[in-house]
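To start, the structure itself, in structure tokens.
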Amino acid sequence: MKYGIYYAYWEDQWKADYFKYIEKVAKLGFDFLEIACTPINGYDRQTLKDLRKCAADNGIFLTAGHGPNADQNLASPDPAVRANAKAFFTTLLRNLEVLGIHTIGGGIYSYWPVDYSKPIDKPADWARSVEGVREMGLVARDCGVDYCLEVLNRFEGYLLNTAAEGVKFVEEVGVPSVKVMLDTFHMNIEEDSIGGAIRSTKGLLGHFHTGECNRRVPGRGRTPWREIGEALKDIGYEGNVAMEPFIRPGGKVGADIKVWRNLEADTSEEAMDAAAREALVFERMMLG
């Protein structure tokens, strides 16, 4: 397995100087950096190439995560919104190809965070989403990208809340580039058995996020890491493991993730770097 970390651990906005974080995570010993897609379609082609080269020069690679806004919702009942979403993802996937990114994950079948003040029609949204994801999965295939659907807890999403739903959805889509994505934080909330949930995705798991039940770095909570490591081994998972902790309030990231207090006594950059480095050692021991 390869081990990475999401840049937003250190940031409060869904965009940043990714050149800085490429260099940082390489020095910390990670194999890859996960970046947000929010700014990518605004980059010119040279910037995309420069980011790809920077990653290669630092001996790491990039993956991508995205939480679509309401105008990028493939499940929307509004045909204009669905058309806009397909145009957005088509451009994004082509840009990911230029970046050399082979994995995108997130709630990229709906939108995030969900506005629960509006009525929910899960069966209809599911059907529209399957159709849209199938189309985007074919684009992703042509771009050499795995389109990984993140299973989210009920407070952040409603279409895919369990691994079983993720598997069912991906099987309905029926495109090999479309895969299931699991996250230990969300599984802690929704699954009866975390190990069982992981095992149910055998052959379909395309990306894996790690973080404690309290959103701190792995090893600083009560998540059953040994159980998780054994389950990943049982299904022969050899893909990417992206650490996704959030420990500081503030900005768009803090508001969307609902972090309202510092989750560590010391949230200086130096302390956060040290915690990330320690968590990487812990993950390699428990999961590898």
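The values are calculated or read from the model by the stated rules, or taken from the named source; none is laboratory data. Computed from a predicted structure; not experimentally measured. Note: ideal-geometry Cβ built from the backbone for every residue, glycine included; neighbour counts use all protein chains shown. In case anyone asks, the SASA skips ligands and DNA or RNA and just uses the protein heavy atoms, side chains included. Shrake-Rupley method; radii C 1.70, N 1.55, O 1.52, S 1.80 Å.
Of note:
- GluC sites (Glu not before Pro) lying in DSSP loop within the stretch 129-204, provided at most 12 other Cβ fall within 10 Å: none
- Kirkwood Rh, angstrom, the chain [1 / mean 1/r, Cα pairs]: 18.9
- Nearest-10 value in Å² for the accessible area of Asp234, using the 1.4 Å probe: 90
- Taken along the Cα-to-beta-carbon direction at a fixed 7 Å, the label points for Arg94 and Met1 span 3.6 nm.
- Of Lys15/Lys202; Lys86/Lys202; Lys27/Lys53, those spanning more than 27 Å from alpha-carbon to alpha-carbon: Lys15/Lys202; Lys86/Lys202
- Mean Cα-pair separation over length for the chain, i.e. relative contact order, pairs under 8 Å, 6 or more apart, %: 18
- Straightening the chain between Ala164 and Asp273 buys 35.7 nm, computed as 0.36 nm per residue apart minus the Cα-Cα spacing.
- Loop sites by DSSP among the chymotrypsin sites (Phe, Trp or Tyr not before Pro) of the chain, restricted to those with at most 14 other Cβ atoms within 10 angstrom, leave 1-115 as the longest stretch without any of them.
- Label-to-label distance, nm, for residues given as Arg154 and Met285 (7 Å Cα→Cβ offset): 3.6
- Top positive-direction residue, dipole computed over the chain with Cβ charges, set Ser129, Cys37, Ala197: Cys37
- The longest stretch of the chain left intact once loop-based trypsin sites (Lys or Arg not before Pro) with at most 12 other Cβ atoms within 10 Å are removed from consideration, loops following DSSP, is 1-221.
- Nearest-20 debye value, the chain charge dipole, Cβ charges on Lys, Arg, Asp, Glu: 200
- Simple spin-label estimate for Leu138 and Glu238 in nanometres, 7 Å along Cα-Cβ: 3.1
- Aspartates and glutamates with Cα under 18 Å of Lys2, excluding same-chain neighbours fewer than 8 positions away: Glu23, Asp31, Glu34, Asp57, Asp146, Asp183, Glu230, Asp234, Glu238, Glu244, Glu278, Glu283
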